Amino acid sequence: MSEALESEVKTNPQGDPITSAPAAPSVDSGKGRKDPHGEAKRQRVVSPEYMFFEAPREREFITGSECAKEAVRRSNVDMSVAYPITPQSETLQLIGVLYGEGYVKEFYRGEEEYGVMSAIAGASRAGVRAFTATAGPGTLRGLEPIVSWAGHRLPAVCMFTCRVVNAPLAIQPDNIEIAYLLNSGMLVFHAENQQDLFDFIMKGFIISEKNDVTLPVGVCCDGFFVTHARGYCAMQDRGLKLPPRDPYRGSVPVLDAENPPARLSRDAPVQKSNFMAYNIHAVWQQEVWAGVERSRKYINQYMDGLLEAQDVEDADVLLIASGSAAAQSREAVRQCKEKGIKAGLIKIRSLRPFPTNELRELCGKAKLIVIPEFNYVGWLAKDVATAIYGFSNAKIVAGPHVYGGMSMPVEMITDEVECGLTGKKSNTVPESHIMGTVDPAAVAHFMKSI
């Protein structure tokens with residue numbers, strides 16, 4: 001009877017399996033009882049270099065939430081704190097499964113997002129490897145402690161499964177919340193698909209814990225499009241795990257339970273002198289952002305660069321996108337080529353630090369740059385325009401934009417390409433969101449081949 005119960009597949013109320021991964025095989029503890037943590041105890045520590053670049057991988061067709069679970073399984077995570085909010089809830093439910101199997105040492109549900117992010121801060125400050133996730137209104141509710149993470153030099157990883165935050169209430173994909181994270185001092189990565197989510201979480205732990213970085217990492221994805229959709233993900237054997245965090249190699253000492261929390265109280269003048277308060281805080285902000293800049297070499301080392309360029313040489317049109325918009329842009333590039341338009345794609349992986357120099361090198365020859373986004377405000381277009389100002393004469397179209405949960409048909413992107421090249425008025429992007437001009441004679445010559 002007990003064996004039948006152990007082999008039963010757990011399902012949600014709709015009857016779907018809550019995880020595609022098989023239950024961990026029971027291991028005899030030697031006392032006639034099965035050890036539910038047996039498989040986790042047999043995990044072998046390997047170097048990040050072996051895990052990321054050498055270990056054999058097998059592809060599975062799983063959801064983004066399951067990819068996050070499998071990344072945490074292999075990341076030697078000490079503690080995770082959860083609070084449910086759609087579309088993140090499924091991910092941390094699965095992290096709870098890992099806790100039951102012994103892959104995560106401590107796990108509990110917080111009282112709300114502010115408490116969760118404060119608890120993660122305490123765990124990271126004490127020297128353990130910590131992970132959590134949130135979304136939309138949860139991000140904003142927990143934002144005050146989140147933005148303190150960088151100042152306290154806490155190398156935690158948080159997954160943001162982006163969704164609508166504005167009224168009226170909705171739970172659909174919209175990555176406006178990334179705009180709130182870009183100036184928090186954390187590293188911000190934006191995953192296009194399930195594979196990115198799996199890789200960015202694991203690599204985020206290693207990058208964040210480097211001595212000359214010691215900063216939190218936010219791994220963002222567009223909710224539902226990635227978290228609940230299935231895609232192929234190539235994963236290393238579940239018997240491997242990353243080395244544990246070495247808290248004493250961080251740039252700031254961890255809290256020592258044997259001594260007073262010196263890091264929080266050593267700068268008493270901050271509370272007594274306005275001049276000292278300004279000076280100390282200003283210097284520390286500079287150091288936080290210097291740490292962000294120092295992370296570039298590790299992002300290049302482990303993530304193969306801050307961006308990915310496809311068919312950009314000799315391209316007259318460049319699509320620049322991150323997250324799910326990169327997937328639509330890939331198809332738009334293909335359709336543009338069918339129409340005789342020389343188009344290329346720049347997919348941005350790291351939003352902080354931002355690939356300023358890389359964009360300046362890649363955008364110098366383009367006539368037109370189109371930047372599709374899943375939000376209203378166009379935070380990516382603003383960063384791109386700022387980065388390449390003075391280094392490109394391209395006409396920049398800040399759009400098309402979809403938001404509030406709408407999907408983005410590829411035709412919206414290709415229409416903007418054709419409008420941008422011909423000078424035809426756009427149906428979706430207002431003139432105030434179009435920057436720069438192109439030579440009409442060059443456009444006329446170029447259009448002869450379309």
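General observations
- Estimated inter-spin distance, residue 108 and residue 311, nm [label 7 Å along Cα→Cβ]: 5.4
- Amide H contacts of residue 35 (H built 1.01 Å from N, in plane; Pro and chain starts excluded): 27, 28, 29 sit under 5 Å, all sequence-distant by 5 or more or on other chains.
- Given 14 as the ceiling on other Cβ atoms within 10 Å, longest exposed-site-free region of the chain for GluC sites (Glu not before Pro) in DSSP loops: 113-257
- Hz values of 3J(HN,Hα) by residue in segment 296-313 - Karplus curve (6.51, -1.76, 1.60), Gly and Pro given as x: 3, 5, 7, 5, 5, 5, 9, 10, 6, x, 7, 8, 10, 10, 10, 6, 8, 5
- Considering only the chain, percent of DSSP beta bridges that pair antiparallel, nearest 5: 35
- Where the chain is the region considered: accessible area per residue in Å², 1.4 Å probe: 45
- Percent RCO, i.e. relative contact order, over segment 155-226, from Cα pairs under 8 Å lying at least 6 residues apart: 48
- Applying 1/(1 + (r/R0)^6) with r as the Cβ-Cβ distance of residue 169 and residue 54 and R0 = 56 angstrom yields a FRET efficiency of 0.75.
- Full extension of the chain between residue 279 and residue 331 yields a length gain of 13.7 nm, computed as 0.36 nm times the residue separation minus the alpha carbon distance.
- Accessible surface of the chain [probe 1.4 Å, protein heavy atoms]: carbon and sulfur percent: 53
- In percent, rounded to a whole number, the relative contact order of the chain is 15, using alpha-carbon pairs under 8 Å and six or more apart.
- Using the Karplus relation 6.51 cos²θ - 1.76 cosθ + 1.60 with θ = phi - 60°, the per-residue 3J(HN,Hα) values for segment 202-209 come to 5, 6, x, 4, 5, 5, 5, 8 Hz, with x marking Gly and Pro.
- Alpha-carbon centroid distance for the pair segment 216-257 / segment 68-113, whole angstrom: 11
- Amide hydrogen proximity for residue 352: with H placed 1.01 Å from N in the peptide plane, the residues at 5 or more positions away or on another chain lying under 5 Å are 188.
- Spatial offset of segment 356-408 relative to segment 317-336 amounts to 12 Å, using the alpha carbon center of each.
- Relative contact order, percent, segment 64-123 [alpha-carbon distance under 8 Å, six or more residues apart]: 40
- Annotation for residue 389 and residue 365: the two label points, set 7 Å from Cα along the Cα-Cβ direction, are 2.7 nm apart.
- Rounded if a/c under 1.5, otherwise prolate or oblate - segment 120-269, Cα gyration tensor axes: oblate
- Greater than 24 Å apart at Cα, pairs in 41/297; 34/203; 105/241; 105/297: 41/297; 34/203; 105/297
- The H on the amide N of residue 235, modeled in the peptide plane, is under 5 Å from the matching H of 58, 59, 60, each at least 5 residues off or on a different chain.
- Anisotropy class of segment 346-424 from Cα gyration tensor, a/c 1.5 cut: oblate
- Per-residue ³J(HN,Hα) for segment 368-373, Karplus 6.51 cos²θ - 1.76 cosθ + 1.60, θ = phi - 60°, Hz, x for Gly and Pro: 9, 10, 10, 10, x, 9
The values are calculated or read from the model by the stated rules, or taken from the named source; none is laboratory data. From a predicted model like this one, the values you see are computed outputs, not experimental measurements. Positions of Cβ are generated from backbone atoms using ideal geometry, with glycine treated the same way; all protein chains shown enter the neighbour counts. The protein model used for the area step is the full one, side chains on, heavy atoms only, and it has no ligands, DNA or RNA in it. Shrake-Rupley method; radii C 1.70, N 1.55, O 1.52, S 1.80 Å.
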